[in-house]
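Trainee: Sharing a structure, written as structure tokens. Questions coming.
Each reported figure results from applying straightforward, stated rules to the coordinates on display, with no laboratory input. It should be emphasised that the depicted structure is a prediction, and the values quoted were computed from it without experimental measurement. Positions of Cβ are generated from backbone atoms using ideal geometry, with glycine treated the same way; all protein chains shown enter the neighbour counts.
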There are 2 protein chains.
Amino acid sequence: MRDFYPEDARIQQYIFETWARTAESFGFERYDASILEPSALYKAKGAENEEMVNEQTYTFTDRGDREVTLRPEMTPTIARMVAAKQRELSLPLRWYSIPNLFRYERQQKGRLREHWQLNCDIFGSDHITSDIEIIALANQTLINFGLSSDQFVISINDRALMERMYKAIGLNQNQIIDLTRLNDRRNKISFTDYKTQLNKITNDGTLDEEIILLLDKSDEQTDVIIGLEELGITNVTFDKSLARGFDYYTGTIFEAFALDDEGKPTGRSLLGGGRYDDLTKLFNQESVSGIGFGMGDVTLKDLLVEKDLIPKSVKQTGTDLIIIPMSAEQNLEAQKIALELRTCQLSVMTDLSTRKVAKKFNDATKNGAKYAIVLGKSEIETGKLTLKNLHNDDETTGYIEQIKLKLK
Amino acid sequence: MRDFYPEDARIQQYIFETWARTAESFGFERYDASILEPSALYKAKGAENEEMVNEQTYTFTDRGDREVTLRPEMTPTIARMVAAKQRELSLPLRWYSIPNLFRYERQQKGRLREHWQLNCDIFGSDHITSDIEIIALANQTLINFGLSSDQFVISINDRALMERMYKAIGLNQNQIIDLTRLNDRRNKISFTDYKTQLNKITNDGTLDEEIILLLDKSDEQTDVIIGLEELGITNVTFDKSLARGFDYYTGTIFEAFALDDEGKPTGRSLLGGGRYDDLTKLFNQESVSGIGFGMGDVTLKDLLVEKDLIPKSVKQTGTDLIIIPMSAEQNLEAQKIALELRTCQLSVMTDLSTRKVAKKFNDATKNGAKYAIVLGKSEIETGKLTLKNLHNDDETTGYIEQIKLKLK
């Protein structure tokens, strides 16, 4: 579990705000839901999912004897919400959310991982322009954090295309599902292990070479990639070995990876998503096609710190002006002046600590405050205040109305 | 459990942003923590709390055999966080958070209530100016939502003062605790029930009259109220019958109530808080005094809706410009133009629906968009676009660079 002390909470808020601003610039509307969902929502997709729910989620029985789960992903929730109001909603929808998600780590059983994720979906459009738009949005999000297009690559694949290819070389439906899952773990296991697993799927092994050749040959130019290039987004690559974990994807799938200094993709996945066609069907509604992606906060934050892309302003407290009473006797007057100066749309804090005035000045400067006002007996008697600019040591002395004019 | 469809999520975000903006204008820093806490955190405060944890919270055992609780309030969490870093943190702290909290409703067992709350605390200052500042902040929050000071009242009491008064008329410590709890429910039960309960506490009933007289006589002028009046905050009243539920309060306690049209307090509590002295002691740290309040989203939202104080802009989607392709053939070009126009700091959406152009125009206007551009074959051939201002029907025709100039 993570605690967010102010210095971490500021970075977290900066990430959330950049996510929200970017999604809204594409006309996406925010939605939200409770973190608790009926467990049935995740089990509906089949037996394999039941295993996932039991092993990888936080599931328990509430007092009403209902089995509930702390949501591990947001897509089932949006599908549930869309299905519930399908007749009223005007399609296509562009919706985004910034949920916290909960998963058990396989490696460390009993350890719960909570993380936040930007989730963006276009629901109700199966036109290829939606695929292009959602990937353009994913790309723009990374750009808006200050990453340049040579620092990450977007890998794209197409589940439908892969299915046709696998069928063409003779694989059956079960083999295709197993192979897709194996490919999803391909970068996490050794090549020897990969070949062993592959051999189990193909049974006699005669297709293994062909499959490996097929996956490694990634020279297709798909319409999605051509479209993205039209929009000036060229850091994309078609990668037939890209698999993505969820079974519900039916068409375009994509994932973005950070590049190392030599321009090679690292294993660090920054975001991932794809097209799904049948999710609302689970709720006995007519099928609505959608495409979306999720982008986690943990890998992103690590990358931003590594590349020194957290803005300086985010590292500071954000207080503009500190009022420093000489002694506790001036505390109430300090509050009064603070209240007055806040009408200038400033963040104004009174320093109520019992430290020395010099120490208070140092702290104000260190925390990034721009102004300070020291308040002693004489300031209160005369009504004249001295506003000190901590950035350039300028001083302005005057009555409160003059100080307000200076601050505006 | 609540789902937030976009129209509700916008109001929710408006509330969160107003909360955050106001707290930050007072120099408060944001913090956050996981919604899951060890149950021991809430049981630590005594047997009465153990009952509260078992009956009113969402508590269960995780796979590591630890008992965990979905947090019902934020104060224990901030006390835990402060205690963990007490030596590093520079006191006093001004911290705020906007957590979601979970409670079972007593009336409807098995029904879980999730709500959000603004939590503001000043930790490490026992000076009376902190009491005044935190109440001034609570007041300013309501003002910043557009409420006027004749629409709510802040009731103030003092636990320490009440304890002295109760002792003076002969009550012992247990009777004081029971009476405080009874007073907390005073507005929720009938006067007859109140008197019956009171009689049980005082045993022989000789003190009942005296207690009722004492509670109803609320003419004290405390330093907190005098200080608030100095700051121009006069919609405050001293109310000896104010009790507040939590046992941990030790000094000033306060609560704000909406007023009805005749200026009488309604039962609708908008926020509540108080001073606590010993919370960090529970974590074997030296005692740090703090004062804070919590303000829930549900009652607030209902009041804002009733008083028609939700700004019009919050009711609309926030998209500035809609690009309407005449047919799907222009979809990609629409994306390209949208990407270009977003550099003007605008929210730009392409309408990918298959509805008629006239319908798309109507929807754009209804959703509050300011501009629309219709994109057909001729626009793409000539490169000349027509920007229509939907608010005043003005039109501007030109190449994209000219449109961008117009939009900037």
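Trainee: Given labels modelled 7 Å from the Cα in the Cβ direction, how far is it in nm from B:VAL314 to B:LYS384?
Mentor: According to this spin-label approximation, the distance is 4.5 nm.
Trainee: Follow-up. Which residue, B:GLY274, B:ALA83, B:LEU407, has the largest displacement toward the positive end of the dipole of chain B when charges sit on each Cβ (Lys, Arg +1; Asp, Glu -1)?
Mentor: So the residue we want is B:LEU407.
Trainee: Once the principal axes of the Cα atoms of chain B are found, what is the range along each, listed largest first in whole angstroms?
Mentor: 94, 56, 44
Trainee: Explain nothing, just compute: Karplus ³J(HN,Hα) = 6.51 cos²θ - 1.76 cosθ + 1.60, θ = phi - 60°, for every residue of segment B:181-192 in order, whole Hz, x for Gly and Pro.
Mentor: Values, residue by residue: 5, 5, 4, 4, 9, 4, 7, 9, 10, 6, 5, 4 Hz.
Trainee: How large is the direction-averaged shadow of the alpha-carbon convex hull of segment B:7-100, in nm²?
Mentor: 8.3 nm²
Trainee: Which Cβ of chain B lies nearest the axis of the rotation superposing B onto A, and at what whole-Å distance?
Mentor: Nearest residue, distance rounded to whole Å: B:PHE60, 2.
Trainee: May I pose another question? Would you mind listing the distances between the B:LYS404 label point and the same position in each other copy? Use 7 Å along Cα-to-C-beta, nm, one decimal, shortest first.
Mentor: Nearest first, the other copies' label points are 4.2 nm away.
Trainee: If we count other beta carbons within 10 Å of each Cβ, what is the order of A:GLU37, A:GLU329, fewest first?
Mentor: A:GLU329, A:GLU37
Trainee: Another one. In Å and on Cα atoms, what radius of gyration and Dmax does segment A:127-259 show?
Mentor: Using the Cα atoms of segment A:127-259, the pair Rg, Dmax is 15.8, 50 Å.
Trainee: Sticking with this one: Kirkwood hydrodynamic radius (Cα pairs, Å) of segment B:229-329?
Mentor: 17.9 Å
Trainee: Counting Lys and Arg as +1 and Asp and Glu as -1, each charge on the Cβ, what is the dipole of segment A:302-393 about the Cα centre in debye, to the nearest 20?
Mentor: 140 debye
Trainee: Taking H placed 1.01 Å from N in the peptide plane, check which residues at least 5 places from B:LEU271 or on another chain put their amide H under 5 Å from its amide H.
Mentor: B:ALA256
Trainee: What is chain B's relative contact order, in percent, from Cα pairs under 8 angstrom and six or more apart in sequence?
Mentor: This gives 14 percent for chain B.
Trainee: Using a cut-off of 16 Å between alpha-carbon atoms, which lysines can reach A:LYS43, once sequence neighbours fewer than 8 places away in the same chain are excluded?
Mentor: A:LYS281
Trainee: What is the ratio of the Cα radius of gyration of segment A:173-244 to 2.2 N^0.38 Å, with N the residue count, to two decimals?
Mentor: Normalised Cα radius of gyration, segment A:173-244: 1.30.
Trainee: Can you tell me which lysines have their Cα less than 26 Å from the Cα of A:LYS301? Leave out same-chain residues fewer than eight positions away.
Mentor: Answer for A:LYS301, where 26 Å is the Cα cut-off: A:LYS109, A:LYS188, A:LYS264, A:LYS312, A:LYS315, A:LYS366, B:LYS85, listed by chain and number.
Trainee: If you don't mind, there's one more thing I want to ask. Among B:GLU17, B:GLU29, which comes first, second and so on when ranked by fewest other beta-carbon atoms within 10 Å?
Mentor: B:GLU17, B:GLU29
Trainee: Over the Cα atoms of segment B:316-407, what radius of gyration and what Dmax do you get, in Å?
Mentor: In order Rg, Dmax, the Cα atoms of segment B:316-407 give 11.8, 34 Å.
Trainee: May I pose another question? Please report, largest first and rounded to whole Å, the three semi-axes of the ellipsoid equivalent to segment A:250-408, where each semi-axis is the square root of five times an eigenvalue of the C-alpha gyration tensor.
Mentor: Each semi-axis is the square root of five times an eigenvalue, giving 53, 21, 13 Å.
Trainee: So which of A:LYS359/A:LYS406; A:LYS408/B:LYS388; A:LYS336/A:LYS388 end up more than 24 Å apart by C-alpha?
Mentor: Going by Cα-Cα distance, A:LYS359/A:LYS406; A:LYS408/B:LYS388 fall outside the 24 Å limit.
Trainee: What is the fewest-to-most order of A:HIS127, A:HIS391, A:HIS115 by other Cβ atoms lying within 10 Å of their Cβ?
Mentor: A:HIS391, A:HIS115, A:HIS127
Trainee: Round to a whole angstrom and tell me the spacing of the C-alpha centers of segment A:280-320 and segment B:144-202.
Mentor: For segment A:280-320 versus segment B:144-202, the Cα centre distance is 47 Å.
Trainee: For the protein assembly as shown, what is the convex hull (Cα atoms) projected area averaged across all directions, in square nanometres?
Mentor: Projected over every direction and averaged, the Cα hull of the protein assembly as shown covers 40.2 nm².
Trainee: Now a separate question. Between copies, how close do the B:LYS359 label points come, placed 7 Å along Cα→Cβ, listed in nm from shortest?
Mentor: 7.0
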